[in-house]
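Chemist: Dumping the structure here so I can ask a few things about it.
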Amino acid sequence: MITGIILASGFSRRMGTNKLLLSIDGIPLIERVISIVSRSKLDEIILVCACDIVEELGNNYGIKVIRNTTPELGQSCSIKLGVGKSSPHTDGFMFFVGDQPFITEDMIDSLIDSFEMSNCNAVVPLYNGTRGNPVIFSSKLRDKLLSLTGDIGGRKLLKEIGTDVVEVSFDSEMQGFDIDTQEEYRTALILQQKLQK
């Protein structure tokens, strides 16, 4: 059993507005992610959010929604909320960010397959040789995930576990594209137009 946890309670400081509600092809970023994740073979999906509109979108898809009332504590707070509310039977936690609109269910399923075929502590996607999201952590690391602090998230944990990580390469760098700035948002709109041609 694999639990997907969508982290959606950041402040979008570099964007200057709630980036999760920006639209690509008429669909808010966070809804694109929720929709794609919902079509994958994840067994459980949890959305951690701090915004009424995002919460409503999660409820519309029938996934478990958790309200983060202390987002100022950083990404680790959302991680701990998601892990803490996950099924006790889960074998792994797959963490998604809400601003990665070009991931696909096939890519998600490929990462899950790699995790299930190995006995590793984590599975990480590589986009053009660079690590990105979503990352799967084994439930063996549950206590370590629950002890994270600040805004570092799982990167600190990946450093700690060192070589016990499976890396899965993807040809399309676009799948790893995330949006933090207005410029990146404009780039995403151009990429979407190319996809539709």
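The values are calculated or read from the model by the stated rules, or taken from the named source; none is laboratory data. Computed from a prediction, not measured in an experiment: that's the story for all the values here. All Cβ positions, glycine included, derive from the backbone under ideal geometry; neighbour counts span all protein chains shown. Quick note on the areas: whole protein, heavy atoms, side chains included, nothing else; ligands and nucleic acids left out. Shrake-Rupley method; radii C 1.70, N 1.55, O 1.52, S 1.80 Å.
Chemist: What accessible area, in Å² to the nearest ten, does a 1.4 Å probe give for Cys51?
Modeler: 30 Å²
Chemist: In square angstrom, rounded to the nearest 10, how much accessible surface does Ile27 have for a 1.4 Å probe?
Modeler: It works out to around 70 Å².
Chemist: Relative contact order of the chain: what whole-number percent is it, with Cα pairs under 8 angstrom and at least 6 residues apart?
Modeler: On the way: 369 pairs, mean separation 50.0, N = 197.
Worked out over the chain, it gives 25 percent.
Chemist: In the P(r) worked out for the chain, what percent of Cα pairs fall beyond 28 Å?
Modeler: On the way: 3750 of 19306 pairs.
Within the chain, distances greater than 28 Å cover 19 percent of Cα pairs.
Chemist: Continuing with this model, one more query. For the stretch 1-129, what is the accessible area per residue in Å² when the probe is 1.4 Å? Don't skip to the answer; put the middle values down first.
Modeler: Details: 5260 Å² over 129 residues.
Computed with neighbouring chains in place, this is 41 Å² per residue.
Chemist: Could you tell me the center-to-center distance, by alpha carbons, between the stretch 117-163 and the stretch 167-196 in angstrom?
Modeler: 22 Å
Chemist: Within the set Lys85/Lys159; Lys41/Lys85; Lys80/Lys156; Lys85/Lys140; Lys41/Lys64; Lys19/Lys41, which residue pairs have Cα atoms separated by over 23 Å?
Modeler: Pairs exceeding 23 Å: Lys85/Lys159; Lys19/Lys41.
Chemist: Which of rounded, prolate or oblate describes the stretch 1-88 when judged by the alpha-carbon gyration tensor and an a/c cut-off of 1.5? Walk me through the intermediate numbers first.
Modeler: On the way: a/c = 2.00, a/b = 1.14, b/c = 1.75.
It is oblate, given that a/c is not under 1.5 and a/b is not larger than b/c.
Chemist: Ok, one more. Sorted by accessible area (1.4 Å probe), largest first, how do Lys140, Lys64 line up?
Modeler: Order by accessible area, largest first: Lys140, Lys64.
Chemist: Let me ask something additional. What 222 nm value per residue comes from the helices of the chain, counting each DSSP H run with n ≥ 4 as -39,500 (n - 2.57) and dividing by all residues, nearest 500 deg cm²/dmol?
Modeler: Numbers: 7 runs with 69 residues, N = 197.
Estimated from H runs of four or more residues: -10000 deg cm²/dmol.
Chemist: Suppose every Lys and Arg Cβ carries +1 and every Asp and Glu Cβ carries -1, with no other charges. What dipole size does the chain come out with about its Cα centre, to the nearest 20 debye? Before the final figure, lay out each step's value.
Modeler: Values: 20 positive and 26 negative charges, 82 e Å.
The calculation lands at about 400 debye.
Chemist: Choose one of Val33, Asn128, Leu73: the residue whose Cα lies farthest towards the positive end of the charge dipole of the chain (beta-carbon charges +1 Lys, Arg; -1 Asp, Glu; about the Cα centre).
Modeler: Leu73
Chemist: Separate question: Rank these residues by their accessible area, most exposed first, probe 1.4 Å: Ser40, Ser118, Ser169.
Modeler: Details: Ser40 15, Ser118 40, Ser169 85 Å².
So, going from the largest accessible area down, we get Ser169, Ser118, Ser40.
Chemist: So, one more: May I ask you to give the percent of accessible area on the stretch 1-96 that is carbon plus sulfur, with a probe radius of 1.4 Å? Working shown, then result.
Modeler: On the way: 1940 of 4100 Å².
Ligands and nucleic acids excluded, carbon and sulfur reach 47 percent.
Chemist: Also: Ignoring everything but the protein chains, give the 1.4 Å probe accessible area of Asp109 in square angstrom, nearest 10.
Modeler: 30 Å²
Chemist: Using a 1.4 Å probe and counting only protein heavy atoms, arrange Glu72, Glu167 so the residue with the most accessible area comes first. The partial results should precede the final answer.
Modeler: Values: Glu72 120, Glu167 90 Å².
Solvent-accessible surface, decreasing: Glu72, Glu167.
Chemist: While we're on this one: Which net charge results for the neighbourhood of Pro28, defined as the other residues with beta-carbon distances under 12 angstrom from its beta-carbon, given Lys and Arg at +1 and Asp and Glu at -1? Write down the numbers at each step before the final one.
Modeler: Working: positive: Lys19, Arg32; negative: Asp25, Glu31, Glu56, Asp99.
Around Pro28, the surrounding residues sum to -2.
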